[in-house]
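The structure appears right after this line, and notes come after that.
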Amino acid sequence: MPLGLIVECVVAVLLVVTIGYCYVLNKRLKCLRADEASLRATIAELVTATEIAERAILGLKSTAGNADRTLGARLGEAEEVSRKLSNQLQGGEDVLERIGSVAASAQAVAPQAGVSQPAPTQAPEPAAVQPVDEMPARKKVTGDLCRAANETASRLEQFRRRTSGRVA
């Protein structure tokens, strides 16, 4: 066998192997290009979803800001109402103490002076006439109301602090 024929056979075999490898490589490149198209579609969907999420986040931030302002205003109003109630309760207690002292001094003066109380022409209404003995019970109720108002004010203050800490 001549050496030229052997070389030509080896070259022919190598060409066949090269053609086969090019065929396999071509198939892989086609699959890669197909995957590239689906990858681009996936990336486009991801970008769209990201834009939608960003708009939703901006909307949520706006809503949270509005809620914070509204809540702050309402808390301020609630604190003001609590202060007014506390002041009114204190004023009510003062008036009640004055009435009690006036009634006590009137009872003390009436027996000493020998003045008799005139008989009423009409029966007094039960809700309007209160015996002096009920004054301590009223003070207790008034004190309970005052404590409840103070407790409500402190709870509102704690709630305001918690909500301001969360928003910040």
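Bear in mind these aren't lab numbers, they're just calculated from the coordinates by the rules spelled out. Owing to the predicted nature of the structure, the values given are computational and were not obtained by experimental measurement. Here the Cβ positions follow ideal geometry from the backbone for every residue, glycine too, while neighbour counts run over all protein chains shown.
Values for this structure:
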| quantity | calculated |
| --- | --- |
| Ranking of SER82, SER62 by count of other Cβ atoms within 10 Å, fewest first | SER62, SER82 |
| Cα-Cα pairs of the range 22-85 separated by more than 19 Å (percent) | 66 percent |
| FRET E, pair LEU75, ALA103, Förster distance 41 Å, beta-carbon r, rounded to 0.05 | 0.50 |
